[in-house]
Amino acid sequence: MADFDIYVEHILDHYKNPRNRGTLENPDLTARDGNPLCGDEIRMDFKVKDGRIVDVKFSGHGCTISQASASILTEMIKGKPLDYVKQLKKDDLLEALGIPIGPTRLKCALLSLKVAKAAVYGLDKVRDEDLE
Amino acid sequence: MGCTRLAQEVRQDFPVLQRKVNNHPLVYFDNAATTQKPRQVIEALRHYYETYNANVHRGVHTLAAQATEAYEEAHKAVARFVNAPSWREIVFTRNATESLNLVAYAWGLRRLRPGDRVLTTLMEHHSNLVPWQQITRRVGAHLDFADITEDGRLDLDDLFGKLTEQTRVVTLTLASNVLGTVNPVKEIARKAHEVGAIVVVDAAQAAPHMPIDVQDLGVDFLAVSGHKMMGPTGIGFLWGREELLEDMDPFLYGGEMIHEVWPDRATWNELPWKFEAGTPNIAGGIGLQAAVAYLDRIGMDRVEACERELTAYALEKLLAFPGLTLYGPKDTRDRLGVLSFTLEGIHPHDIASILDLHGVAVRSGSHCAQPLMRRLGIEGTARISLYLYNTPEEVDRAVEALQKVREIFR
Ligand SMILES: Cc1ncc(COP(=O)(O)O)c(C=O)c1O
């Protein structure tokens with residue numbers, strides 16, 4: 001397949017062998033959100049100590065892009081200060097994904113970041129433009 | 001002429017079918033969402049804009065007269081297409097959604113009383129569900145849902161069980177945009193009329209693919225979108241029984257739809273203009289007429305028969321595919337070429353994405369039918385939907401691409 005392929009090895013690996021998958025008992029922070037149109041859904045639980053994310057788990061279901069992105073995001077933020085999540089931008093996550101994400105899959109790719117930010121800010125939902 | 005020959009000839013009329021997507025010749029299998037447009041339709045729009053563009057009903061000059069006549073002719077062509085007794089029963093709207101809202105507001109909101117019941121089905125597109133959900137809530141009426149059977153057909157026992165003396169409206173789709181099922185609307189209409197209910201039909205998915213005869217169906221309203229039958233976007237129509245339309249108040253108010261206006265009151269224009277407030281989509285109407293002419297020339301019986309042949313081929317291929325679950329009837333009886341499926345362990349979005357990499361355009365998701373998805377216990381499906389210009393070779397290409405999907409996720 002050509003170089004516009006998004007189904008590359010590291011993405012499929014995160015999809016098939018997700019890191020930090022599951023839920024946490026009595027999480028300090030938690031949030032969930034979904035894309036009703038495609039049925040993607042992600043929940044993220046955090047354990048926080050002294051402003052640092054000491055543990056994070058994600059659960060839910062959806063397409064390869066949404067789930068691999070959640071797996072990658074948890075690896076990025078585990079052990080980091082909460083401020084790190086607040087400062088993360090859409091492009092940071094897209095860069096970490098390392099594949100070309102067209103407009104049709106952007107919502108899938110960014111769902112995990114919206115959920116993480118919602119948890120950290122204690123919000124119900126984070127809007128797309130808050131990721132810019 | 002055989003169906004494959006017909007498809008090959010028809011294809012020449014659709015410029016977009018010549019293009020490549022991701023270095024592969026396009027296989028356009030998203031016809032339930034919208035269809036491609038033949039040159040004849042594109043040309044009709046261009047001809048209108050280049051030679052007689054003018055507003056309708058308002059001018060005495062030559063261009064205005066030509067535009068007015070063409071726009072009226074478009075209503076007449078559509079009336080013949082669905083065998084309406086009078087062209088004045090054809091109201092042009094933006095799409096099926098607007099047509100259904102027109103009925104829900106102009107008939108439902110005014111006529112329904114607290115305690116009345118509206119009966120619909122679990123296989124409706126949101127556009128024939130949400131308007132009735134909102135209107136029944138506003139007036140304190142009930143909305144009932146007929147279930148589906150295991151093989152994706154309407155559960156008629158359930159439907160007739162829920163048809164009561166309180167039922168004032170039965171509103172349902174003629175063909176499902178997810179399951180492909182064609183519902184026995186004629187039989188349902190007869191029973192609905194016995195209890196005094198009116199019958200509203202969403203024909204958005206059916207009208208492009210099978211002959212429609214509103215008199216034979218014996219229904220009261222029928223909604224269609226032009227863009228799903230080779231016409232431009234932004235034009236659709238509502239057919240309604242003249243006596244019902246006459247009896248109804250307008251849906252939108254403004255210019256064109258009035259007869260006389262005083263500061264404190266107004267009277268309404270005659271049908272169908274009473275329901276076409278403001279400057280209409282003139283070019284769209286003319287384009288729709290060209291689409292209807294295109295389909296008429298082939299003949300809707302022929303369109304239906306050839307699509308059935310291709311659907312049988314696609315069904316056979318899909319049903320033989322390992323790990324594939326097909327939703328909807330497994331044979332071509334009372335069924336259109338809308339084929340929704342899932343592959344075990346693979347999200348529908350991923351199926352659609354990988355097919356797109358191979359030039360095959362299919363839809364994935366809930367297809368604006370979330371209650372149906374809940375009923376089926378799934379989040380979404382991938383959907384292949386066929387039209388006249390599709391070929392068995394294209395079905396083969398899609399199946400080959402599905403094999404690639406399986407390889408990637410092995
Ligand atoms: C069965 C059915 N009803 C209604 C609609 C709505 O059509 P439109 O969006 O053109 O109003 C669709 C289109 O997807 C459909 O498939």
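The values are calculated or read from the model by the stated rules, or taken from the named source; none is laboratory data. Just so we're clear, the structure is a prediction, and the values are computed from it rather than from any experiment. Neighbour counts are summed over all protein chains in view; Cβ atoms, including those assigned to glycine, are modelled from backbone coordinates with ideal geometry. Ligands, DNA and RNA are excluded from the accessible area calculation, which covers all protein heavy atoms including side chains. Shrake-Rupley method; radii C 1.70, N 1.55, O 1.52, S 1.80 Å.
Remarks
- Across the stretch B:244-259, not a single residue is classified as under 21 Å from the mean Cα position of the chain (by Cα) and of a type in the set (Asp, Glu).
- A:ASN17 vs. criteria within 22 Å of B:VAL405 (Cα to Cα) and without any contact (Cβ under 8 Å) to a residue 40 or more places away in the chain: yes
- So A:ASP33, is it within 14 Å of another protein chain (Cβ to nearest Cβ) and either in a helix (DSSP H, G or I) or open to solvent by less than 20 Å² (accessible area, probe 1.4 Å) (or both): no
- Residue count for the stretch B:186-209 satisfying the condition of being away from the ligand (no atom under 13 Å from the Cβ) and of a type in the set (A, V, I, L, M, F, W, C): 7.
- Hey, B:VAL56 more than 16 Å from the ligand (Cβ to nearest atom), more than 14 Å from chain A (Cβ to nearest Cβ) and open to solvent by less than 20 Å² (accessible area, probe 1.4 Å) or not: yes
- Count of the stretch A:57-103 residues, restricted to those that are open to solvent by 60 Å² or more (accessible area, probe 1.4 Å) and away from every other protein chain (no Cβ under 14 Å), is 11.
- When restricted to residues that are crowded, with 20+ Cβ neighbours inside 10 Å and either within 11 Å of chain B (Cβ to nearest Cβ) or within 17 Å of A:LEU123 (Cα to Cα) (or both), the stretch A:36-56 contains 7.
Table: residues versus (1) open to solvent by less than 10 Å² (accessible area, probe 1.4 Å); (2) closer than 30 Å to B:ASP147 by Cα; (3) under 12 Å from the mean Cα position of the chain (by Cα).
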site	(1), (2), (3)
B:LYS186	no, yes, no
B:VAL224	yes, yes, yes
B:GLY236	yes, yes, yes
B:THR279	no, no, no
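- Subset tally (residues that are in contact with a Cys (Cβ under 9 Å, 6 or more places away or on another chain) and among the hydrophobic types (A, V, I, L, M, F, W, C)) for the stretch A:86-114: 2
- Scanning the stretch B:343-377 for residues being open to solvent by 30 Å² or more (accessible area, probe 1.4 Å) and more than 8 Å from chain A (Cβ to nearest Cβ) gives a total of 10.
- Lone qualifier among B:ASP301, B:ASP296, B:ASP249 - being touching a residue at least 40 places away in the same chain (Cβ under 8 Å), part of a loop (DSSP other than H, G, I, E, B) and surrounded by fewer than 23 Cβ atoms within 10 Å (Cβ to Cβ): B:ASP249
- For the stretch B:53-78, filtering for residues that are within 19 Å of B:ALA293 (Cα to Cα) and in contact (Cβ under 8 Å) with a residue 40 or more places away in the chain leaves 8.
- Taken over the stretch B:32-54, the criterion of being more than 23 Å from B:LEU388 (Cβ to Cβ) and touching a Leu at 6+ places or on another chain (Cβ under 9 Å) is satisfied by B:THR51, B:TYR52, B:ASN53, B:ALA54.
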